[in-house]
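A.B. asks: There's a structure below that I have some questions on.
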Amino acid sequence: EADSLAFVPEIKPGPNIRRVGTTVEDFEQNLLSNLYFQRGTTIESASAGDAYHTLAVTLRDRLVDRYARTVAAHYETNPRFVYYLSAEYMLGRQLNQNLLYTGTEQWTREIAEARGLSMETLATLDVEPGLGNGGLGRLAACLLDSMATLDIPAVGYGIRYDYGIFKQTFQNGEQVERPDDWTFYGNPWEFAAPDDQHVVGFYGKTESANGDSMAGPRRWIPSETVRGEPSHMLVPGYGTQTVNIVRLWRARASRQSFDLARFGAGQYGEAVQHIALSESISKVLYPDDSTELGRELRLKQQYFLVSCSLRDIIRRFQFRNRDWDAFPDKVVIQLNDTHPVLAIPELMRLLVDEHQVDWDRAWSITQRTFAYTCHTLLPEALETWPVALMERLLPRHMEIIYLINHVFLRDLDMRHPGDLRLMRDLSLIQEEPERRVRMANLAVVGSHAVNGVAELHSRLLAETTLRDFASLWPEKFHNVTNGVTPRRFVRLANPRLSSLISAHLGGDGWLTDLDQLAGLEAFADDNAMRERWRDVKRLNKVDLAAYAARTTGVVLDPQAMCDVMIKRFHEYKRQLLKVLHVVTLYNRLRDDPAATVVPRTVVFAGKAAPGYRAAKLVMKLVNAVADTVNNDPRVAGALRVVFLPDYNVTRAELIVPSADLSEQISLAGKEASGTGNMKLALNGAVTIGTLDGANIEIRDRVGADNFFLFGYNAEQAMSARRSGYSARSFYDQDPELRAVLDAISGGVFSSGDRDAFASVVDSVLGWDEYLCLGDYRSYVDCQDTVERAWQDRERWTSMSIRNTARSGFFSSDRTVRDYCRGIWNVEPVRVPEE
Ligand code: GPW
């Protein structure tokens, strides 16, 4: 049994762990004591920031107590752990979550309000760590929440970026990015763990350590090193004692990096240059979502994450275990897309070169340890790295990848002799036009399980993108449909709806057993319930309207239908199709101001990758249309368009509860799953959507009557593209569509400037990968059906209730259970109260 301090993971269990009290008096005493000792101030001289910080660390103290017991239970049980590796986490604000999870919400409210501090002020001071781009990062956070809630021993590993996803502002309707210095005032939720640093190498050369085989052991002599310094945030489960952690690595220069001689010579910039260069690795999150941009620093980030995390995992393994063959029994590593796939050659390197495990045994351990989740079907999102870059940056890893490939292709040739096409397509190395490493192929070859994130996505992966792998190893391929945590996205985001649900279900058991929502079904046609359901929506819309007025000056009508499209801006998601619909409505109102239309508020929110010109121009068009529409008295009262800037988790929690209509209009076959679609349905929004991603499963469950379906299905979209899709013909044949495009290109939304949006119009009229015009008529007609449905208030409310009642499946608890049974083969470990 390893017992030296160096081997102790996190907290060592012991008899002297301090426990927090259980009464409101204890809690108040903890607050006062933390204010005094942590902030060095008294209640009389405390600022709002002092109060916030004190509350945060006091809640953290309560979680530490549970965490210590969790570590003790895990130590005792020595279970199989899930290690979730992800380049992104979108955790959202922590304060309200931790108040809820520690059951101290009411106490805090009383204590704060007695001193004239509102909970809203405290919440505003809580900063959201924006360490991700969109769905992939938020999914990681939902899975962490559900793993803790289900008592699954798990650690999330990621990068502690100094700057998270940029802050979005608008100038002249164009997105302007500002840095997100999220730790400017400090981060009370994290613990630094400087004793657990690891050294990470880059560049340099390899040499034989014993013999001359590439199968090792070999020595890698890096020419550059940085230190990875971890800190962790606590990840509590809801309604349980389990507290897991998410461990984030930060790059630090080695101690000798400051060049004192240069500083003495007055060369201040040069004196710190080396530090800045090393630390740039964790400086900033790449703001690109679902596109690959192939920058060297990005590859360094990926290896940095992987190298630190694997050493940490091995250290934790060795704390309780000796035999390498037991590694896969104690460790499963889930790869969140291809960003952390270098973990596969890295584990091989550590086993073969540093722990003297022979190649074949190491490979068996590696394959049994890893599982890979793919989150896309877009070819431009599949990562590949130039062989030349890999050889320079990670020479030993490149040797290992070659050897993995060699053995894999040799076995492939035994099963399919002489099939050169197959060899070329499945090789880990792409040859043309330049030699590159295919990270998805490496992931599939090195893992025992591969999964897509919705049924359609998993099917299309197996039929298209990964077809040959799926026929080679059918048993490797799984589907695990995504989910979202009901704690954050219903209970915390929508307290009014939560109370109403609990009142009708006789308690809040649904928060950890979301299928219980089915019990609402009985009230779907109940007049009193419908009345209260509408009241909740209306009050939520009043809150949203207040926020919109304060931040954008746009005045919203809480009686109007709230039609929301909130997600990253991407051509495949087709915000442009939504704009075409808005302009259609605008044209109809201008042509006939007496037309009876359903009053509608269209809410957009989302960021675009800073270099994604097409998406940014669509964004500018949204703002231009909003401006024109909102300032035209002829449509006042009927149509409002608002773009809420800086979409993030906090903003989602504000918008989702107010939504009546959820826009999920990606071209079928392009959106892997979607998770915003689930959050909105759970909060009683009715979806208008295509048969894409998880929309299909949502429609299957809520019922075709409670879902507005339009557009091509995935097969039709593929064959339309193959058989020469002609956007022109739609333009020629549909006068309403023609009027819309003519208005945009004629300068109606750009003060007469015909050039402003010419390229947007050209992109849908020419070769449009996303078939916007092909789906236009079907979409607009479907929106007309939506309006007729809205006019029957009672029927709409019943639809809304049924959407909530039938969406229990989309809890991330169910997702985690699916992973546990189908892929991880892990068991919960119960943490005792005392
Ligand atoms: F391209 N997703 C994302 F697959 O948010 F890597 N960022 C990404 O870079 C990728 C996927 C990647 C999203 C998918 O677009 C969305 O459909 C899915 O619901 C989400 O990942 C979680 O699985």
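The values are calculated or read from the model by the stated rules, or taken from the named source; none is laboratory data. Note that the structure is predicted; figures quoted are calculated from it, not measured. No Cβ is skipped: glycine too gets one built from the backbone with ideal geometry, and neighbour counts run over all protein chains shown.
A.B. asks: If a residue has to be outside any helix (DSSP H, G or I) and within 16 Å of the ligand (Cβ to nearest atom) to count, how many in region 643-694 make the cut?
C.D. replies: Qualifying residue count for the region: 23.
Quick grid of which residues meet (1) at pLDDT below 95; (2) outside the structural domain of residue 234 (by TED's automatic domain parsing); (3) hydrophobic (A, V, I, L, M, F, W, C):
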{"position": "20", "(1), (2), (3)": "yes, no, yes"}
{"position": "31", "(1), (2), (3)": "no, no, yes"}
{"position": "54", "(1), (2), (3)": "no, no, no"}
{"position": "81", "(1), (2), (3)": "no, no, yes"}
{"position": "92", "(1), (2), (3)": "no, no, no"}
{"position": "116", "(1), (2), (3)": "yes, no, no"}
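A.B. asks: Looking only at region 363-374, decide whether some residue is surrounded by fewer than 20 Cβ atoms within 10 Å (Cβ to Cβ), in contact with a Ser or Thr (Cβ under 9 Å, 6 or more places away or on another chain) and not hydroxyl-bearing (Ser, Thr, Tyr).
C.D. replies: Yes, region 363-374 has at least one match.
A.B. asks: Going through 596, 551 one at a time, which residue ends up being polar (S, T, N, Q), at pLDDT below 95 and either touching a Pro at 6+ places or on another chain (Cβ under 6 Å) or not in a strand (DSSP E or B) (or both)?
C.D. replies: 596
A.B. asks: So which residues in region 357-389 are of a type in the set (Phe, Trp, Tyr) and either without any contact (Cβ under 8 Å) to a residue 60 or more places away in the chain or away from the ligand (no atom under 13 Å from the Cβ) (or both), if there are any at all? Don't jump to the end; show me each part of the working.
C.D. replies: Of the residues in region 357-389, the ones of a type in the set (Phe, Trp, Tyr) are 359, 363, 370, 372, 385.
Across region 357-389, the qualifying residues are 359, 363, 370, 385.
A.B. asks: Let me ask you something else. If we only count helices (runs of 4 or more DSSP H) wholly inside region 94-160, which ones have 3 or more residues that are within 16 Å of the ligand (Cβ to nearest atom) and over 17 Å from residue 189 (Cα atoms)?
C.D. replies: 135-149
A.B. asks: How many of the residues in region 315-356 are acidic (Asp, Glu) and within 16 Å of the ligand (Cβ to nearest atom)?
C.D. replies: Result for region 315-356: 1.
A.B. asks: If you check 762, 742, 700, which single one turns out to be assigned to a helix (DSSP H, G or I), within 23 Å of residue 815 (Cα to Cα) and away from the ligand (no atom under 16 Å from the Cβ)? Full working, then the answer.
C.D. replies: Details: 762 fails: within 23 Å of residue 815 (Cα to Cα); 742 fails: within 23 Å of residue 815 (Cα to Cα).
Only one candidate passes the filter, namely 700.
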